[in-house]
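The values are calculated or read from the model by the stated rules, or taken from the named source; none is laboratory data. Bear in mind that the values here come from a model prediction, so they are computed numbers and not experimental data. No Cβ is skipped: glycine too gets one built from the backbone with ideal geometry, and neighbour counts run over all protein chains shown. Surface accessibility is based on the protein's heavy atoms, side chains included, excluding ligands, DNA and RNA. Shrake-Rupley method; radii C 1.70, N 1.55, O 1.52, S 1.80 Å.
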Amino acid sequence: MNIEHVTLRPVAEDDLPVIERFLTEPQSSAPFQWFGWWDPRRWRRQWAENGLLTDDAGQLMVVRDDERLGFVSWRKIAATRTTHYWNMGIALLPEARGKGVGTEAQRQLVRYLFAHTNVVRIEADTDSENIAEQRALEKVGFTREGVLRSVVFRDGRWRDGVRYSILRDDIDADADASRG
């Protein structure tokens, strides 16, 4: 799969069936993001209300040309009464995984959030067994911060997570290094 043509764009109404697959098809979310059956209409209600883009959260489609591959999302985390940062995630259809799509989509989302908001920190969490996602985050420039013990209940047991972060200065430093 050519990752040069991978882009992010707002969710259109005809994209909703792709997003709904993650709520209605265990095989689309497995092995790390299936948490049981959810309300499949929740995305449609939110899309009708705000197009899945608000000041506090958002979702963008991951596409390659006209092919829908999944979506990225982010949500505001309040650090204090006056400061916040973003927590981001990704969900790719099984056929798009393991081909560099996730790394490229997350790289684009990080650049987008730093370009269009004033946050200095973006974090991402993943299952401690999700080695592919950990590698993807590290390729984007995220730093592993630590293990969150028994943070997620999935498939009948509590599981550890791993937290990563990237700072605005990390991106600026990468740009400076590539110029130098």
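Of the residues Leu16, Leu8, the single one that is without any contact (Cβ under 8 Å) to a residue 40 or more places away in the chain and aliphatic (A, V, I, L, M) is Leu16. All of (1) in contact (Cβ under 8 Å) with a residue 60 or more places away in the chain; (2) buried (at least 16 other Cβ atoms within 10 Å of the Cβ); (3) over 15 Å from Val62 (Cα atoms) hold for Phe22 with one exception: (3).
The test for being surrounded by 12 or more Cβ atoms within 10 Å (Cβ to Cβ), touching a helix residue (DSSP H, G or I) at 6+ places or on another chain (Cβ under 9 Å), modelled with pLDDT of 95 or more and farther than 22 Å from Gly100 by Cβ holds for Val11. Considering only residues of the range 68-97 that are assigned to a loop (DSSP other than H, G, I, E, B) and not hydrophobic (A, V, I, L, M, F, W, C), which is nearest to the chain's Cα centre (by Cα)? Only one residue fits best here, namely Arg97.
Taking Arg144, is it touching a helix residue (DSSP H, G or I) at 6+ places or on another chain (Cβ under 6 Å), more than 19 Å from Ala30 (Cβ to Cβ) and at pLDDT 95 or above? Spelling it out, it is not the case that Arg144 is touching a helix residue (DSSP H, G or I) at 6+ places or on another chain (Cβ under 6 Å), more than 19 Å from Ala30 (Cβ to Cβ) and at pLDDT 95 or above.
Of all residues in the range 25-51 being touching an Asp or Glu at 6+ places or on another chain (Cβ under 7 Å) and either open to solvent by 40 Å² or more (accessible area, probe 1.4 Å) or touching a residue at least 40 places away in the same chain (Cβ under 8 Å) (or both), which is nearest to Ala12 (Cα to Cα)?
First, pick out the residues of the range 25-51 that are touching an Asp or Glu at 6+ places or on another chain (Cβ under 7 Å): 32, 40, 43, 47.
With either open to solvent by 40 Å² or more (accessible area, probe 1.4 Å) or touching a residue at least 40 places away in the same chain (Cβ under 8 Å) (or both) added as a condition, the list becomes 32, 40, 47.
Details: Phe32: 26, Pro40: 16, Trp47: 8 Å.
Only one residue tops the list, namely Trp47.
Looking across the range 98-139 at every residue that is within 20 Å of Arg9 (Cβ to Cβ) and assigned to a loop (DSSP other than H, G, I, E, B), the one that is most open to solvent (accessible area, probe 1.4 Å) is identified as Lys99. As for the range 75-88, it holds no residue that is closer than 16 Å to Leu23 by Cβ and touching an Asp or Glu at 6+ places or on another chain (Cβ under 8 Å). Filtering the range 52-97 to residues that are open to solvent by 20 Å² or more (accessible area, probe 1.4 Å), over 21 Å from Tyr164 (Cα atoms) and of a type outside the set (Ser, Thr, Tyr) leaves Leu53, Asp55, Arg64, Asp65, Asp66, Glu67, Arg68, Arg81, Pro94, Glu95.
So which of Arg154, Arg144 is of a type outside the set (Asp, Glu), surrounded by fewer than 17 Cβ atoms within 10 Å (Cβ to Cβ), touching a residue at least 12 places away in the same chain (Cβ under 8 Å) and within 15 Å of Trp34 (Cα to Cα)? Before you say what the answer is, go through the steps one by one.
Details: Arg144 fails: within 15 Å of Trp34 (Cα to Cα).
Result: Arg154 is the single residue among Arg154, Arg144 that is of a type outside the set (Asp, Glu), surrounded by fewer than 17 Cβ atoms within 10 Å (Cβ to Cβ), touching a residue at least 12 places away in the same chain (Cβ under 8 Å) and within 15 Å of Trp34 (Cα to Cα).
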